[in-house]
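The values are calculated or read from the model by the stated rules, or taken from the named source; none is laboratory data. Here the structure is a predicted model, which is why all the values come from computation and not from measurement. Cβ atoms come from the backbone with ideal geometry, glycine included; neighbour counts cover every protein chain shown. To get the accessible areas, we keep the full protein, side chains included, count just its heavy atoms, and leave off ligands, DNA and RNA. Shrake-Rupley method; radii C 1.70, N 1.55, O 1.52, S 1.80 Å.
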Amino acid sequence: MVDETAFRHIREDINRLPCVFERALLARHAVCELAVSHQIAERESVACSLPVAHEACMRMSELLRGKSSFALGLTATQRILPHAMVMKIQCGGLDGLKVLLDPGALAPNVRRLVSMARERYGELDDLPFSEVVQGMAAWKPRRRRPGEPP
């Protein structure tokens with residue numbers, strides 16, 4: 001078993017461009033054609049294969065996080081957030097974008113949603129985040145069944 005510090009160093013060496021929406025992808029809640037998976041010490045890591053797309057996703061993530069304070073009941077979103085809140089921002093935010101931009105899709109497609117947002121609204125800042133945040137407020141983690149491992 002690899003200790004946490006060693007894992008982080010190995011991960012940084014292997015995954016130089018970590019996917020911004022990695023948690024949503026690893027939870028199989030969303031997809032992205034630019035995602036590249038890496039197996040490290042029995043764990044999975046997701047990288048982005050296109051630096052320009054990574055920058056656009058980074059901006060989208062920042063906006064989702066900044067607009068999430070109401071949905072999460074927070075006054076400041078600039079601190080380190082617990083995993084459940086990050087999942088609500090990522091999965092719920094992507095759900096909100098999917099409803100707004102690509103309602104017929106089976107699952108949120110990160111690359112497609114960010115591209116569609118830019119095409120339709122020009123700047124990501126111009127998205128109607130009041131609608132997107134509704135996805136965050138509505139998102140619930142999947143329930144575990146009795147006997148299912150954590």
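Odds and ends about this structure:
- Of all residues making up region 83-95, the number that are open to solvent by 10 Å² or more (accessible area, probe 1.4 Å) and in contact with a Gly (Cβ under 8 Å, 6 or more places away or on another chain): 1
- Every pair of residues 6+ apart whose Cβ atoms lie under 7 Å, when the first sits in region 109-136 and is in contact (Cβ under 8 Å) with a residue 12 or more places away in the chain and of a type in the set (S, T, N, Q) while the second is open to solvent by less than 30 Å² (accessible area, probe 1.4 Å) and assigned to a helix (DSSP H, G or I): 134/96
- Looking only at region 93-123, and only at residues there that are small (Gly, Ala, Ser) and either at pLDDT below 95 or not in a helix (DSSP H, G or I) (or both), the one that is nearest to the chain's Cα centre (by Cα): 107
- Extreme residue, farthest from residue 140 (Cα to Cα), among residues of region 14-68 that are at pLDDT 85 or above and basic (Lys, Arg): 59
- Some residue of region 4-13 being exposed (fewer than 13 other Cβ atoms within 10 Å of the Cβ), in a loop (DSSP other than H, G, I, E, B) and modelled with pLDDT under 95: no
- Just so you know, in region 110-137 the residues that are among the aliphatic types (A, V, I, L, M) and open to solvent by 30 Å² or more (accessible area, probe 1.4 Å) include one that is nearest to residue 18 (Cα to Cα), and it is 116.
- Among the residues making up region 69-87, those that are modelled with pLDDT under 75 and among the hydroxyl-bearing types (Ser, Thr, Tyr) are 75, 77.
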